[in-house]
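Asks: Okay, handing you the structure first.
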Amino acid sequence: MGERYAKIVGWGKYVPERVLSNHDLEQMVDTSDEWITTRTGIKERRIRGPDDTTSSMAVEASKRALEVAGLSPKDIDLIIVATSSPDYLLPSVASIVQDKLGARCGAYTLVAACSGWVYALVDAHQYIANGAYDTILVVGSEIISFAVDYTDRTTCVLFGDGAAAVVLQASEEPAGVLSFELGSDGSGAEFLYVPGCGSANPLNEHTFERREQFIRMNGPEVFKFAVRIIASSLKRVIGKAGLLPDDIALFIPHQANARIIEAAARFMHQPMEKFYINLDRYGNTSAASVPLALVEALEEGRCKPGDKVAMVAFGAGLTWAAAVVQLGTGELSPAYQFFSLGRARYLAKKAAYAVQDAAQAALLPLYTFVQRRGRRKRRRK
Ligand code: ACO
């Protein structure tokens with residue numbers, strides 16, 4: 001058997017419709033759009049609708065990923081779902097996803113907080129590289145809002161719900177994960193945790209009273225850890241792949257805070273334009289954050305076939321995970337059409353917005369004239 005690589009052949013996302021903006025949060029806690037925007041970069045986030053569950057969102061994202069790959073659920077050999085907000089404690093949410101999709105394969109849930117999806121990607125890469133499986137679905141799906149205390153302004157402004165999925169398939173073409181690093185430092189467990197809900201401190205009226213079913217976070221400690229770990233782990237995985245930071249076309253960092261990403265970019269001596277950001281629209285979606293950014297970067301044509309992208313995540317644990325991934329080349333990738341299609345769609349949308357803006361600007365004098373005339377008429381009456 002020749003060398004086997006795990007090429008990305010499909011990708012898809014699902015985000016709930018309901019938008020929770022900074023202005024909405026101003027009505028809920030003592031905060032302001034200005035504080036949230038300048039301290040985090042987040043403007044809005046999506047919150048689950050009544051019918052959304054972690055499994056239903058995972059299924060929607062997966063269906064889109066399979067469509068792009070031109071595959072059916074029956075083609076999947078393994079499903080890995082990264083999440084910290086499963087539908088239930090038992091059964092594993094991955095089994096629910098497998099059933100809802102109509103796939104016939106093994107499935108497991110992976111918990112490594114916000115780093116979970118990159119951990120899952122590395123798992124999938126191993127199964128394919130060693131010949132165990134050919135086609136693996138790797139999903140990140142989170143309804144993290146269920147563990148957010150909407151009376152705590154230090155955490156509730158940060159998080160949002162969402163899901164994204166990627167299909168990996170065996171290929172002889174050098175592509176997929178070129179290098180990776182998985183890390184954990186459990187001594188920082190209490191910097192970011194949910195004190196109630198688990199077996200150590202089961203949920204009861206006392207835990208409820210102390211609001212221990214919600215996320216507690218030491219923001220400044222997590223911030224310092226994140227800045228240090230993003231830059232250092234990225235440098236190590238890029239080195240392991242035999243590359244330099246300049247060889248990376250796009251960095252896909254965990255979408256927690258724009259200031260963390262800016263600091264990491266400075267440490268890496270790389271321009272901010274090379275760091276993909278969508279946290280302004282989604283906030284921190286935990287294990288869905290990196291795949292959601294990757295999927296949108298692909299849809300917008302921010303990276304192209306053959307490019308090397310570097311991903312990095314960090315989160316509760318404390319955990320971190322980084323990987324350098326090479327995208328498949330055009331002719332060999334069934335997803336190539338979608339690259340061009342995604343780019344075309346992005347450019348079309350941009351052009352439509354430009355036309356809309358121009359039309360609005362052109363019509364503004366007419367609108368003002370009609371408004372003034374109406375006001376004058378009303379005054380005369
Ligand atoms: N609105 C207004 N003021 C606020 C808010 C808010 N939403 N939140 C905190 N403040 C106040 C604080 O009370 C504090 O006031 P004080 O000086 O009177 O005490 C002041 O702002 C400064 O607070 P800091 O915590 O020092 O603010 P900082 O600049 O560090 O920003 C933040 C806080 C955004 C949480 C930052 O520390 C951060 O992003 N940390 C990393 C968090 C993170 O990435 N977590 C997710 C990890 S991934 C996972 O696994 C889930």
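The values are calculated or read from the model by the stated rules, or taken from the named source; none is laboratory data. None of the values given here were measured: they were computed from a predicted structure. As a convention, Cβ positions derive from the backbone with ideal geometry for all residues, glycine included, and neighbour counts pool all protein chains shown.
Asks: Restricting attention to region 64-82, does a residue exist that is out of contact with any Leu (no Cβ under 6 Å at 6 or more places or on another chain), hydroxyl-bearing (Ser, Thr, Tyr) and within 16 Å of the ligand (Cβ to nearest atom)?
Replies: No; the residues of region 64-82 include none that is out of contact with any Leu (no Cβ under 6 Å at 6 or more places or on another chain), hydroxyl-bearing (Ser, Thr, Tyr) and within 16 Å of the ligand (Cβ to nearest atom).
Asks: Further question: How many residues are assigned to a loop (DSSP other than H, G, I, E, B) and in contact (Cβ under 8 Å) with a residue 60 or more places away in the chain when one looks only at region 79-105?
Replies: Going through region 79-105 one residue at a time, the tally reaches 3.
Asks: Select from region 204-223 the residues that are under 18 Å from TYR150 (Cβ atoms) and within 8 Å of the ligand (Cβ to nearest atom) and list them in ascending order.
Replies: Hits for region 204-223 are ILE215, MET217, GLY219.
Asks: Here is a check on your reading of the model: is GLY102 under 23 Å from the mean Cα position of the chain (by Cα) and on the phi > 0 side of the Ramachandran plot?
Replies: In short, no.
Asks: If ALA200 passes every condition in (1) more than 16 Å from the ligand (Cβ to nearest atom); (2) among the small types (Gly, Ala, Ser); (3) at pLDDT 95 or above but one, which one does it miss?
Replies: (3)
Asks: Suppose the filter is modelled with pLDDT of 75 or more, closer than 30 Å to GLY186 by Cβ and either of a type in the set (A, V, I, L, M, F, W, C) or assigned by TED's automatic domain parsing to the domain that holds ILE230 (or both); does VAL295 pass it?
Replies: It is false that VAL295 is modelled with pLDDT of 75 or more, closer than 30 Å to GLY186 by Cβ and either of a type in the set (A, V, I, L, M, F, W, C) or assigned by TED's automatic domain parsing to the domain that holds ILE230 (or both).
Asks: Return the only residue of THR54, THR40 being closer than 21 Å to SER85 by Cβ, touching a helix residue (DSSP H, G or I) at 6+ places or on another chain (Cβ under 6 Å) and within 16 Å of the ligand (Cβ to nearest atom).
Replies: It is THR54.
Asks: For region 249-269, give me each residue that is of a type in the set (A, V, I, L, M, F, W, C) and surrounded by fewer than 22 Cβ atoms within 10 Å (Cβ to Cβ).
Replies: Within region 249-269, ALA249, LEU250, ALA258, ALA263, ALA265, PHE267, MET268 qualify.
Asks: Please pick out the residue among VAL111, VAL122, VAL93 that is under 18 Å from ASN284 (Cβ atoms), out of contact with any Lys or Arg (no Cβ under 7 Å at 6 or more places or on another chain) and among the β-branched types (Val, Ile, Thr).
Replies: None of the others qualify; the one that does is VAL111.
Asks: A further question follows. Name the one entry in ASP75, ASP52 that is of a type in the set (D, E, K, R), at pLDDT 95 or above and surrounded by fewer than 19 Cβ atoms within 10 Å (Cβ to Cβ).
Replies: So the residue among ASP75, ASP52 that is of a type in the set (D, E, K, R), at pLDDT 95 or above and surrounded by fewer than 19 Cβ atoms within 10 Å (Cβ to Cβ) is ASP75.
Asks: For region 224-253, which positions are part of a strand (DSSP E or B) and within 16 Å of the ligand (Cβ to nearest atom)?
Replies: Within region 224-253, ILE252, PRO253 qualify.
Asks: Being assigned to a helix (DSSP H, G or I) and either within 15 Å of the ligand (Cβ to nearest atom) or on the phi > 0 side of the Ramachandran plot (or both) narrows it down to one residue among ALA297, ALA313, ALA264; which is it?
Replies: ALA264
Asks: Where in region 132-223 are the strands (runs of 3 or more DSSP E), entirely inside, with at least 1 residues that are among the charged types (D, E, K, R)?
Replies: 135-142, 176-184
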